[in-house]
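Here is the structure we will look at.
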Amino acid sequence: MAMPRAGTFAQLIFLLLALYCAVDPFRHSAISDFPDFEAFTVNMPPWSEVPPQRDTQNLLQNSEIKFLNQVQGPESIAFDRLGRGPYTGVADGRVVFWNGQSWEDFAYTSPDRSELCNTKPSPLSYLKNEHICGRPLGLRFDKKTGDLYIADAYFGLLKVGPEGGLATSLTTEAEGVPLRFTNDLDIDDAGNVYFTDSSTKYQRRNFMQLVFSAEDSGRVLKYDPTTKETTVLVRNLQFPNGVSLSKDGSFFVFCEGSVGRLSKYWLKGDKAGTSEVFAVLHGFPDNVRTNAEGNFWVAIHCRRSLYTYLSSLYPQIRKIILKLPIPTKIQFLLHIGGMPHAMVVKYSPEGKLLQVLEDSQGKVVKAASEVEERDGKLWIGSVLMPFVAVYSLT
């Protein structure tokens with residue numbers, strides 16, 4: 001009897017694999033709990049425009065790890081108008097304050113906190129109950145009033161007074177569409193708040209699926225404290241994240257996560273109300289912060305790998321790979337190049353790359369969500385890590 005040809009076996013394997021991906025019978029894939037999952041094309045800049053500059057010395061490995069296991073997932077770092085702090089939002093839904101000797105509770109965003117929010121072993125351990133406990137992300141102090149503004153992933157834009165406590169809701173929707181993943185904010189001199197809603201489809205507890213999907217329902221918004229109105233400034237964005245005003249207040253920049261770039265939105269001048277590309281970044285950005293000189297520090301979770309670049313351009317292939325029986329964590333590692341490795345970069349107000357600092361091996365600073373420059377030091381927070389890293393610029 002003739003033996004089947006190798007080509008026949010290959011066709012059979014391909015058909016079985018295609019059938020498995022179509023049916024996902026054992027629900028082992030990263031998107032098995034998302035029956036309506038769709039993968040979208042990302043309008044990537046040409047590979048030649050991705051900055052080639054590297055920190056060959058891995059200078060972030062010289063960072064000091066502070067508060068190890070005392071703070072879980074400190075996304076944003078802030079200091080009040082008296083210079084006290086840092087303040088940071090943590091994974092159990094609280095905003096905490098360093099008093100110089102220990103961490104104190106300062107504020108919280110959920111009125112329904114319970115034992116579900118008690119201490120757990122890692123930042124990701126809180127994902128299941130984040131919608132109950134709250135998840136403070138971006139923090140900014142109003143230097144005039146001392147009020148702390150909070151972007152909570154689930155409870156929208158909030159404010160709490162200098163004495164802390166339960167934060168007051170300012171807005172939870174725009175144009176009748178609820179805020180589903182409020183992420184970061186900044187405040188101008190008139191008290192207007194500019195903030196991001198990363199997705200109207202996925203909540204933060206499904207942030208990995210949002211990364212995998214690259215869907216474009218994200219928005220940049222403005223809250224007017226006088227009229228109490230929330231308006232959409234930019235829409236149809238793929239994972240908008242950090243936002244920070246320029247030193248002179250003429251524009252703000254915001255991070256576009258999936259695309260991997262900074263965009264500029266003009267507030268004053270002939271271009272007011274329009275946006276444009278500010279800089280193409282090395283990889284996937286989180287928050288951006290303006291320093292005293294007017295330069296912008298951007299926290300980058302990881303460099304863009306060739307795999308991520310190509311899968312962004314070919315969403316159907318990406319969806320097939322996501323349907324394979326590969327755990328979400330492994331799929332995430334594929335997207336970040338195999339291992340966590342943090343990077344922070346500095347740009348001038350004109351969009352010129354000034355400095356690159358990284359830990360390409362992930363030995364010390366595995367992830368970075370925000371960089372706050374203060375007194376010659378960079379305070380580096382991470383939504384994924386149980387510490388704050390401090391890097392000395394001198």
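The values are calculated or read from the model by the stated rules, or taken from the named source; none is laboratory data. Just so you know, these numbers come straight off a predicted model, no measurement behind them. Using ideal geometry, Cβ is built from the backbone for each residue, glycine included, and neighbour counts are taken over all protein chains shown.
Meeting the requirement of 2 or more residues that are out of contact with any Phe, Trp or Tyr (no Cβ under 8 Å at 6 or more places or on another chain), the strands (runs of 3 or more DSSP E) wholly within the stretch 276-347 are 283-290, 296-303. Within the set D216, D184, the sole residue that is surrounded by fewer than 23 Cβ atoms within 10 Å (Cβ to Cβ) and acidic (D, E) turns out to be D216. Here is the figure for the stretch 37-93: residues that are surrounded by 19 or more Cβ atoms within 10 Å (Cβ to Cβ) and charged (D, E, K, R) total 2. The single condition among (1) surrounded by fewer than 19 Cβ atoms within 10 Å (Cβ to Cβ); (2) touching a residue at least 12 places away in the same chain (Cβ under 8 Å) that L310 does not satisfy is (2).
Consider the stretch 268-304 and keep the residues that are basic (K, R) and either under 12 Å from the mean Cα position of the chain (by Cα) or under 22 Å from L333 (Cα atoms) (or both). The one that is surrounded by the most Cβ atoms within 10 Å (Cβ to Cβ) is R304. Restricting the stretch 353-369 to residues that are touching a residue at least 24 places away in the same chain (Cβ under 8 Å) and under 24 Å from E276 (Cβ atoms) leaves a set whose member that is surrounded by the most Cβ atoms within 10 Å (Cβ to Cβ) is V356.
Determine whether Y202 is modelled with pLDDT of 95 or more, hydroxyl-bearing (S, T, Y) and in contact with a Gly (Cβ under 8 Å, 6 or more places away or on another chain). So Y202 fails the test. Sub-6 Å Cβ pairs linking a first residue in the stretch 75-95 that is under 20 Å from T290 (Cβ atoms) to a second residue that is surrounded by fewer than 23 Cβ atoms within 10 Å (Cβ to Cβ) and at pLDDT below 95, at least 6 apart or interchain, are R81/K143, ordered by first then second residue. Say we look at the stretch 327-352 and pick out the residues that are among the hydrophobic types (A, V, I, L, M, F, W, C) and either touching a Ser or Thr at 6+ places or on another chain (Cβ under 7 Å) or closer than 29 Å to G294 by Cβ (or both); which of these is surrounded by the most Cβ atoms within 10 Å (Cβ to Cβ)? The selected residue is A342. For beta carbons closer than 9 Å, sequence separation of 6+ or different chains, a first residue in the stretch 165-190 that is under 11 Å from Y223 (Cβ atoms) and a second that is modelled with pLDDT under 95 and part of a loop (DSSP other than H, G, I, E, B), the qualifying pairs are I187/K143.
When the stretch 199-213 is limited to residues that are among the polar types (S, T, N, Q) and closer than 16 Å to G176 by Cα, the one that is surrounded by the fewest Cβ atoms within 10 Å (Cβ to Cβ) turns out to be T200.
Somewhere in the stretch 216-238, is a residue over 23 Å from T145 (Cα atoms) and in contact with a helix residue (DSSP H, G or I) (Cβ under 8 Å, 6 or more places away or on another chain)? Scanning the stretch 216-238, I find no residue that is over 23 Å from T145 (Cα atoms) and in contact with a helix residue (DSSP H, G or I) (Cβ under 8 Å, 6 or more places away or on another chain), so the answer is no.
In the set (1) at pLDDT 95 or above; (2) within 30 Å of S217 (Cβ to Cβ), P35 fails one condition alone, (1).
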